[in-house]
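Worksheet: the structure to be examined is printed underneath.
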């Protein structure tokens, strides 16, 4: 039920804009990457965002601490 909510496309659109405008700190990007891994099984729009988010994480990997990096790696494996 929640996965079909009209909120998801708007939320994903806003996140996409934030990624394009380079507005997320490293921790925020790592947290969203992790959450995207969980949500992508239920919310179709999250799949579309994954590549954009992965590119953002790749560009900011130098500013991430070990915990943030490990969150991204664990998510990538899933």
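The values are calculated or read from the model by the stated rules, or taken from the named source; none is laboratory data. Just so you know, these numbers come straight off a predicted model, no measurement behind them. Glycine also receives a Cβ, built like all others from the backbone with ideal geometry; neighbour counts cover every protein chain displayed.
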Exercise. So which pairs qualify, if the first residue must be in the range 32-59 and exposed (fewer than 14 other Cβ atoms within 10 Å of the Cβ), the second must be in a helix (DSSP H, G or I) and at pLDDT below 75, the Cβ gap must be under 6 Å, and the two must be at least 6 apart or on different chains?
Worked result: 42/3
For this session: Give me a count of the residues in the range 1-28 that are buried (at least 17 other Cβ atoms within 10 Å of the Cβ) and in contact (Cβ under 8 Å) with a residue 40 or more places away in the chain.
Result: 1
